[in-house]
Each structure stands twice: as structure tokens, then as C-alpha cells.
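Below is one structure, written out as C-alpha cells, with a few remarks after it.
The values are calculated or read from the model by the stated rules, or taken from the named source; none is laboratory data. Since we're looking at a predicted model, the values are computed, not measured. A quick note on method: Cβ atoms are made from the backbone with ideal geometry, for glycine too, and the neighbour counts reach across all protein chains shown.
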Amino acid sequence: MESSIIAAQYQVLNTLYHQRNIMRQPVDTICRMCYNAEHIKHVVAGCTTLAPPECANRHGKVAGYIH
């Protein structure tokens, strides 16, 4: 778990975008879940299939209480 978090911070998760632009492999960069461009920001916070709006709203409310 910790290694995945650190990989996300350094933007080296094995996403399709990373495979195509860094590793120079012939792959398509379309997200396998929602068919948008798959890069780290999208996977962590922007994919509507992986993180439905209900989860984002709940997370925002909890963060508001903590803040």
C-alpha cells in the first residue's frame, strides 16, 4: 500500500499514459473504465467510474468537518 502511494506521488504508476509516453510502448491511452485519457490525476481523482460523485461528495463533507 505504501509503495503505491509513493508511486502515485512521484507519478510513476503503471498507467496507460505512463506506458505510452515514458516506456514508449505501443498502447492506447484511453481509460479502461470510462474511456477518457488515463493518467495519474485521472486515476486518483478524476475517473467517474472508479470514484463516483457520491464518494467525492462524502469525502468533501468529511474534509470540511476536519478543516
Worksheet item: Within segment 35-46, how many residues turn out to be touching a Ser or Thr at 6+ places or on another chain (Cβ under 6 Å) and either of a type in the set (Gly, Ala, Ser) or at pLDDT below 75 (or both)?
Response: 1
Worksheet, complete the sentence: Out of (1) at pLDDT below 80; (2) in contact with a Leu (Cβ under 8 Å, 6 or more places away or on another chain); (3) surrounded by 12 or more Cβ atoms within 10 Å (Cβ to Cβ), the one Thr29 does not meet is (1)
Discussion item. Condition first: modelled with pLDDT of 75 or more and under 13 Å from the mean Cα position of the chain (by Cα). Now tell me which residues in segment 47-60 satisfy that.
Written reply: Cys47, Thr48, Thr49
